[in-house]
Amino acid sequence: ERAVVRCVPSEPKLSLRFVLPDGSAKHMQRDQAEPLGRALARIATNAAKGPTKAGKKSKKARAEGGPAGEAAALPAVQLFSRDGAAVGAEVPNAAAWQDGSVLHIGDARYRVERNPPALTELQLPRSLLAGFPVCPKVSAEFAAPQHCLFRWYRERRPGPEGEAAGSDAGPGWVEAAAAERVFTPSNALVGLRLKLRCTPGDGAQRYGPPCEVESSGPVEAGPGACTFDPRHLYTGRVCGDHAVRAVSYNILADTYAQTEFSRTVLYPYCAPYALELDYRQNLLKKELAGYNADLICLQEVDKSVFVDSLVPALDAFGLEGLFKIKEKQHEGLATFYRRTKFSLLSQHDIAFSDALLSDPLHEELRDRLAKYPLVQEKVLQRSSVLQVSVLQSTIDPSRKICVANTHLYWHPKGGNIRLIQIAVALAHIRHVACDLYPSIPIIFCGDFNSTPSSGTYSFIRSGRIAQDHEDWVSNGEDERCDMALSHPFQLLSACGEPAYTNYVGGFHGCLDYIFIDSSALEVEQVIPLPSHEEVTTHQALPSVSHPSDHIALVCDLKWK
């Protein structure tokens, strides 16, 4: 029999679970510092009670001098270490209950399993599409998803088709796939539900009890060809050790896609089901997985999408994720990096308004901005954030890189606000990449909401902006603020200046960029964007074959 002990240093108590020979399950909580003898005495008392209330019934008998009932029948309880020696009664519980030790309760013997692998959550996505990867959400204690065992089943087809009834998953199920964490259902499975059995493992050949989960609905037909399918021909495998494939992508937050305004004004051409989050997530996970990227910077990421969809999926494809939320919204930024190529050294995320108000780094800009109270107020009202992560190469630890990700203010007349935001961003990145980690290269991704003709783009590329630039009066003379700004970087747009990276009914233009430090990095290849014909097949974006109103930028970089 098993006696399962859960003992975590950060918690004051340990838990102990076992089943007595009479079939009654026991679950005990004991102080970790308590002497073992006390815990064993309590186990003896519990074992004597058995499954009935016999102890209470014997009170009268005891009072009348009759049999002493359960009190006289306390079983001998002792704990033996793996080498067979009795564990001393004075040893604290935390040290006494070791994996592989043996608990004796009367004649019964229990092998102690300390902190065995256990699943705490197992979920399948609500929407399953044929041809699109199904990535389960797996949370475990004392285990890791990459060490768990997975078995996929499909419903047995109804009717007289003669399928063998039953499997080890039950009478209505047939094994459907090899034991992989991610399963892509074929068209043959349309109309059938899926079941997943997961056995938690810790990588040291220890396995816990399996759990099963069934899909809430059947596999549905997919949309066929998607805009990103031809792009995947260029990204079929992870690029070499000395190259870095980077992706920047505004994935269209559900919080903006599912409004009446979005459905009727912004994207009236898009089929309503194709704006649904579950549908778009299917497309997005397939698109991102197929890029085999080393760095992915995403904007407009709903918190729930990050936790429940992107992390489980991209973790299965070897990527670790970081999230920075906008305080006033339910969406933010996400940066993913490939674990085999990078490790995280440090994070330096900021909200522009907070940094501008309180960080000594921006004192000069803060003082200059104070002369323009209307603009200052607008800047401080914005919830825009900057995500900055310093990564170290696992292949060559002497190589470090600063990866920045942002989403600037969106308003067409907000050029002056964006100039202030990018000035704060570049000053903060300079502090990280020049002061904290001297002379490490930077990759700066994002939706900058700025076309190549804008002041923001010009400032990033040239390193300076004149005080008389027209963008300082982008919202009229009332909001004029004249400042000359500069930054020290030599930044290049790795994917150039495409005709557009955002294509909706009322607008198309280039708003997204991957800026790289041209003194340290160079472009090896740019993955071609979808053709205009592909983008406009369903009039504009998003569509049944494209999950966002933006297009992902993808390029391979290498150190000079």
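Taking ALA177 as the residue in question, decide whether it is within 21 Å of LYS285 (Cα to Cα), surrounded by 15 or more Cβ atoms within 10 Å (Cβ to Cβ) and modelled with pLDDT under 95. Yes. Applying a threshold of 8 Å to beta carbon distances and a minimum spacing of six or more residues, or different chains, the list of pairs starting in the range 428-445 at a residue that is closer than 12 Å to LEU361 by Cα and ending at one that is hydrophobic (A, V, I, L, M, F, W, C) and part of a loop (DSSP other than H, G, I, E, B) reads ILE429/PHE489; ARG430/PHE489. Only strands (runs of 3 or more DSSP E) whose full extent lies in the range 73-155 are considered here, and the ones with at least 1 residues that are touching an Asp or Glu at 6+ places or on another chain (Cβ under 9 Å) and open to solvent by 40 Å² or more (accessible area, probe 1.4 Å) are 108-114, 118-123, 149-155. Entry remark, the range 411-466: residues being in contact with a helix residue (DSSP H, G or I) (Cβ under 9 Å, 6 or more places away or on another chain), among the hydroxyl-bearing types (Ser, Thr, Tyr) and not in a helix (DSSP H, G or I) number 4 in total. Taken together, LEU298, LEU322, LEU233, LEU252 contain a single residue that is under 23 Å from LEU557 (Cβ atoms) and crowded, with 24+ Cβ neighbours inside 10 Å, which is LEU298. Each residue in the range 419-473 was checked for being open to solvent by less than 40 Å² (accessible area, probe 1.4 Å) and either touching a His at 6+ places or on another chain (Cβ under 9 Å) or not assigned by the TED database to the domain that holds ASP517 (or both), and 17 pass. Among the residues of the range 532-549, some residue qualifies, meaning at least one is under 22 Å from LEU386 (Cβ atoms) and either at pLDDT 95 or above or touching a Lys or Arg at 6+ places or on another chain (Cβ under 7 Å) (or both).
Could you say whether any residue in the range 338-356 is within 26 Å of PRO530 (Cα to Cα) and open to solvent by less than 40 Å² (accessible area, probe 1.4 Å)? For the range 338-356, residues within 26 Å of PRO530 (Cα to Cα) and open to solvent by less than 40 Å² (accessible area, probe 1.4 Å): present. On the basis of being modelled with pLDDT of 95 or more and either open to solvent by 30 Å² or more (accessible area, probe 1.4 Å) or part of a strand (DSSP E or B) (or both), does ARG62 make the cut? Here the answer is no, as ARG62 does not meet what is asked.
Evaluation of ILE514 against the conditions (1) more than 27 Å from HIS431 (Cβ to Cβ); (2) in a strand (DSSP E or B) shows that the sole unmet condition is (1).
The values are calculated or read from the model by the stated rules, or taken from the named source; none is laboratory data. What you see is a predicted model, and the numbers here were worked out from it, not measured in a lab. Methodologically, a virtual Cβ is constructed for each residue, glycine included, from the backbone with ideal geometry; neighbour enumeration extends over all protein chains shown. All accessible areas refer to the heavy atoms of the entire protein, side chains included, with ligands and DNA or RNA removed. Shrake-Rupley method; radii C 1.70, N 1.55, O 1.52, S 1.80 Å.
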